[in-house]
1. When both residues are 6+ apart or on different chains and their Cβ atoms are under 9 Å apart, which pairs have a first residue that lies in segment 327-346 and is outside the structural domain of residue 35 (by TED's automatic domain parsing), and a second that is assigned to a helix (DSSP H, G or I) and within 16 Å of ligand 2 (Cβ to nearest atom)?
2. If you take just the helices (runs of 4 or more DSSP H) that sit entirely in segment 141-246, which of them hold at least 2 residues that are of a type outside the set (Lys, Arg), under 30 Å from residue 343 (Cα atoms) and in contact (Cβ under 8 Å) with a residue 12 or more places away in the chain?
3. Could you please give the count of residues in segment 301-316 that are part of a loop (DSSP other than H, G, I, E, B) and of a type in the set (Lys, Arg)?
4. Output the residues belonging to segment 252-275 that are open to solvent by less than 40 Å² (accessible area, probe 1.4 Å), of a type outside the set (Phe, Trp, Tyr) and under 15 Å from residue 175 (Cα atoms).
5. Of (1) outside the structural domain of residue 134 (by TED's automatic domain parsing); (2) part of a loop (DSSP other than H, G, I, E, B); (3) of a type in the set (Val, Ile, Thr); (4) open to solvent by less than 20 Å² (accessible area, probe 1.4 Å), residue 103 satisfies all except one. Which?
6. Have a look at 304, 314 and point out the one that is exposed (fewer than 12 other Cβ atoms within 10 Å of the Cβ), of a type outside the set (Lys, Arg) and in the same structural domain as residue 189 (by TED's automatic domain parsing).
7. Would you mind stating whether residue 125 is surrounded by fewer than 19 Cβ atoms within 10 Å (Cβ to Cβ) and either within 16 Å of ligand 2 (Cβ to nearest atom) or in contact (Cβ under 8 Å) with a residue 24 or more places away in the chain (or both)?
Amino acid sequence: MRRETQLELIDRINVHRSDGRGTDTAATSMRIPTSDYTDPERFDRERRLLTKAPTLVGLSGMLPKPDTFAVVDLAGRSVVLTRDRDGVVHGLLNVCSHRGAEVADGCGSAARLSCPYHGWTYYLDGSLAAQRRTEYFDDAEARGLTPVAVAERDGMIWVSADPQTQIGDDLTRGAEDELRSFDLGSYRLFGTRSFGRRLNWKLAIDTFMEAYHVGVLHRETLDPMIYSDYALFDPFGDHGRMVSPRRSIDELDETARAEWSLLPHATILWYFQPNTVFIYQQDHAQVYRANPGPTADECVLDVSLYVPPNNLRSERHWQRNLDLLVEVTDTEDFSTMAGAQRGFHTGAHDSLVFGRNEPALQH
Ligand code: FES
Ligand SMILES: [Fe+2]
């Protein structure tokens, strides 16, 4: 992040701290229907959108070298991401052209994908490498896996699960320079956890989109480190960025502006449409993706931790870090949201309210 941007953001935090306004605000509070989280028809429309929209699924480190692959799910559509021997990333629907079996599972290294059903194999660009007993098949034209649009930009991998969708240039809606400055392409994927929970996929995203709850829900865990006021919000088109200062920001020497840096003293969170939250933390990065489950009341969460190069931390440190961030978000955020999801079905309230102090949610 450019120094001028960091200084600007610190100045904005300081205005909030000194004049008691607290946090960036929207003009008015906003009501939304509770049914947005429960209505099956709306949910079906959302799922269709989620298979089409270009989606940030991870950093380049999820395909760490040539001849690697990783399977991702986009609203129920399985996509194989590959990095071929030339380093080029491909997105392929995970559907064998023989009789439809999924050709890959999980992630790993391979020069070809081999279908587990009858053993047809594919090169990592999706073209058919070999049909076992090819003499029994009369098609003149060998069919490969179906490609989908994929883009690797500034260390981030975006994909759509719809073969008709094109990916344009404006993926991050003006945040390119800022994101490029983090050199995310050099980060290594430490680990990913996936787990299903009984809450609407949007509720899982919502829990990241305000710092208002930090002082209450995370009183014991995050509040000692992070201010629940003073959060900044900036839209980037339909994406958005929140900055939550850590309490250590109090240590900045007011007289030494030339030495100020925001990054050690803030959690910087981007929401990328449609369902990804990317968090830059002092010494690592996290990617959360909330996939819709089979019904409006279920979702599957993917949590990944990425580690910058040349850091001196041990593997145990990162393991503890991943365990802790899953534990805090799961036992505190997601379990509270599962309660909200149950409550939506009681008819207690036909709407909810996003306060003026929750501008990212409103956005
Ligand atoms: S379905 Fe893949 S080889 Fe038959
Ligand atoms: Fe939270």
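1. Going by the 9 Å Cβ cut-off, there are no qualifying pairs.
2. Working: elements: 176-180, 201-206, 214-217.
The helices (runs of 4 or more DSSP H) meeting that bar are 201-206, 214-217.
3. So the first thing to find is which residues in segment 301-316 are part of a loop (DSSP other than H, G, I, E, B), and the list is 308-314.
Narrowing the set further to residues that are of a type in the set (Lys, Arg) leaves 313.
Number satisfying all stated conditions: 1.
4. Selection gives 268, 269.
5. (1)
6. On inspection, the qualifying residue turns out to be 314.
7. Details: surrounded by fewer than 19 Cβ atoms within 10 Å (Cβ to Cβ): yes; either within 16 Å of ligand 2 (Cβ to nearest atom) or in contact (Cβ under 8 Å) with a residue 24 or more places away in the chain (or both): yes.
Yes: the conditions hold for residue 125.
For every residue, the table says whether it meets (1) on the phi > 0 side of the Ramachandran plot; (2) modelled with pLDDT under 95; (3) among the hydrophobic types (A, V, I, L, M, F, W, C); (4) more than 23 Å from the chain's Cα centre (by Cα).
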position: 301; (1), (2), (3), (4): no, no, yes, no
position: 304; (1), (2), (3), (4): no, no, no, no
position: 316; (1), (2), (3), (4): no, no, no, yes
position: 320; (1), (2), (3), (4): no, no, no, no
position: 323; (1), (2), (3), (4): no, no, no, no
position: 333; (1), (2), (3), (4): no, no, no, no
position: 338; (1), (2), (3), (4): no, no, yes, no
position: 341; (1), (2), (3), (4): no, no, no, no
position: 344; (1), (2), (3), (4): no, no, yes, yes
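The values are calculated or read from the model by the stated rules, or taken from the named source; none is laboratory data. Just so it is clear, the model here is predicted, and its values are computed rather than measured. Cβ coordinates were reconstructed from backbone atoms using ideal geometry, including for glycine residues, and neighbour counts include every protein chain displayed. Note: accessible area is taken over every heavy atom of the protein model, side chains too, but ligands, DNA and RNA are not part of it. Shrake-Rupley method; radii C 1.70, N 1.55, O 1.52, S 1.80 Å.
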